[in-house]
1. Is it true that Arg106 is among the basic types (Lys, Arg) and in a helix (DSSP H, G or I)?
2. Taking the range 98-116 as the search range and keeping residues that are among the small types (Gly, Ala, Ser) and within 16 Å of Ser159 (Cα to Cα), which one is nearest to the chain's Cα centre (by Cα)?
3. Evaluate the following for Ser137: is it touching a helix residue (DSSP H, G or I) at 6+ places or on another chain (Cβ under 9 Å), of a type outside the set (A, V, I, L, M) and closer than 22 Å to Phe1 by Cβ?
4. Given (1) more than 18 Å from Gln135 (Cβ to Cβ); (2) touching an Asp or Glu at 6+ places or on another chain (Cβ under 8 Å); (3) not small (Gly, Ala, Ser), where does Lys67 come up short, assuming only one miss?
5. Quick check: anything in the range 96-103 at positive phi and modelled with pLDDT of 95 or more?
6. Kindly provide the set of residues from the range 92-104 that are open to solvent by less than 50 Å² (accessible area, probe 1.4 Å) and not β-branched (Val, Ile, Thr), ordered by number.
7. For Asp50, which of the numbered conditions (1) on the phi > 0 side of the Ramachandran plot; (2) over 16 Å from the mean Cα position of the chain (by Cα) fails to hold?
8. State whether one or more residues within the range 105-113 are among the hydrophobic types (A, V, I, L, M, F, W, C), under 28 Å from Asn17 (Cα atoms) and open to solvent by less than 50 Å² (accessible area, probe 1.4 Å).
Amino acid sequence: FISPIMLWIAYKVYKENPAASVIFSQRRIGQNGQPFTMYKFRSMCVDAEDQLGDLMHKNEISGAMFKMKEDPRVTEFGKFIRRTSLDELPQLFNVIKGDMSLIGPRPPLEREVAEYTRQDIQRLLVKPGCSGLWQVSGRSEIQFKEMVKLDMEYIKKRSLGYDISLIAKTIKVILKRDGAY
């Protein structure tokens, strides 16, 4: 069903930088602290990870994550696929592989987990998800502590019905594009 969309995105990412990989893979931490490789469509320049150190002082949220509204590493097409969350589509392969679920806490980077408190580490008790309560509650506008609080709320309430309601809210949030960058 989504194959034509994924092929179009892959083509556009390739055309923007033919020398770069279309798929960006990154080591993330999953359930019970197990590392796995998460996939996304490339939305940043090739050396984005190398540039991060120079941008850390511009972090716009507190806590163990990095967010920057006008991140200079994001490509022109990358801005579009991030706003529409289309860069996340390859994570469906992570769902099929069993590394992730559709709904759950977002999988953190190893460097983020290194900064976690005992409260924060509880996010790793469940399988990470492509979307979750904090994404439908404000996306990139939410500070790290609030994200952890929302993830803990999700973990306490999780059920099939709750996940279905969060999937419906995710679709609504994606269409509105609020808080995406």
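1. Here the answer is no, as Arg106 does not meet what is asked.
2. Gly104
3. No.
4. So Lys67 meets the others, but not (1).
5. The answer is yes; a qualifying residue exists.
6. Listed by number, the residues that qualify are Asn94, Gly98, Asp99, Met100, Ser101, Gly104.
7. Checking Asp50 against (1) on the phi > 0 side of the Ramachandran plot; (2) over 16 Å from the mean Cα position of the chain (by Cα), the one that fails is (1).
8. Checking the range 105-113: at least one residue is among the hydrophobic types (A, V, I, L, M, F, W, C), under 28 Å from Asn17 (Cα atoms) and open to solvent by less than 50 Å² (accessible area, probe 1.4 Å).
The values are calculated or read from the model by the stated rules, or taken from the named source; none is laboratory data. Keep in mind that what you see is a predicted model, and the values were worked out from it rather than measured. Backbone-built Cβ (ideal geometry, glycine too); neighbour counts: all protein chains shown. In case anyone asks, the SASA skips ligands and DNA or RNA and just uses the protein heavy atoms, side chains included. Shrake-Rupley method; radii C 1.70, N 1.55, O 1.52, S 1.80 Å.
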